[in-house]
Amino acid sequence: MGKELLKVNNGRQRQQFSKEFKLNAIKLLQAGQKPATQLALELGIRRNLLYKWAETLSTHAGNTATAFNGPGRNKLGARKDSLKSENAKLRRELRRVTEERDILKKAEAYFAKAAK
């Protein structure tokens with residue numbers, strides 16, 4: 001009865017960082033002159049965000065042209081995204097066709113019994 005609903009975001013906007021900012025932060029991290037915790041504090045970001053950005057860049061094999069293009073997750077490159085989406089589409093279609101086949105098998109057995 002005494003519970004209050006709390007807003008998770010409280011009207012704050014999600015922080016967005018430019019591609020240049022991310023690349024510079026990764027360069028500073030890889031230089032190793034300062035610990036990641038101190039570097040993150042100076043940049044005003046979370047430490048694990050530095051590591052995520054570095055991982056994203058390494059996923060793109062260090063190619064700065066394809067890394068950090070636009071907002072969102074799973075920016076693994078157009079080829080991998082299209083393969084993933086095609087794979088998911090084919091799995092859904094296979095699941096649907098398998099279900100239809102099973103329904104038809106059950107219907108065939110039912111009508112075979114009724115015909116006798």
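Side notes on the structure shown:
- Charge dipole of the range 16-76 (Cα centre as origin; +1 on each Lys and Arg Cβ, -1 on each Asp and Glu Cβ, all else neutral): 120 debye, rounded to the nearest 20.
- Stretched out straight at 0.36 nm per residue, the stretch from residue 106 to residue 38 would grow longer than its current Cα-Cα span by 17.9 nm.
- Calculated FRET efficiency for the pair residue 66/residue 87, C-beta based, R₀ 25 Å, to 0.05: 0.75
- In the structure shown, the pairs 27/84; 19/52; 19/84 are assessed against 21 Å; a Cα-Cα span above that value is assigned to 27/84; 19/84.
- The range 45-69 versus the range 90-114: alpha-carbon centroid distance in Å: 46 Å
- Point-charge dipole on Cβ atoms (K/R +1, D/E -1) for the range 77-116, about Cα centre, debye to 20: 100 debye
Rule-based calculations on the coordinates, nothing more; no lab input. Everything quoted here is computed from the prediction, not taken from an experiment. Cβ: placed from backbone, ideal geometry, glycine included. Neighbour counts: every protein chain shown.
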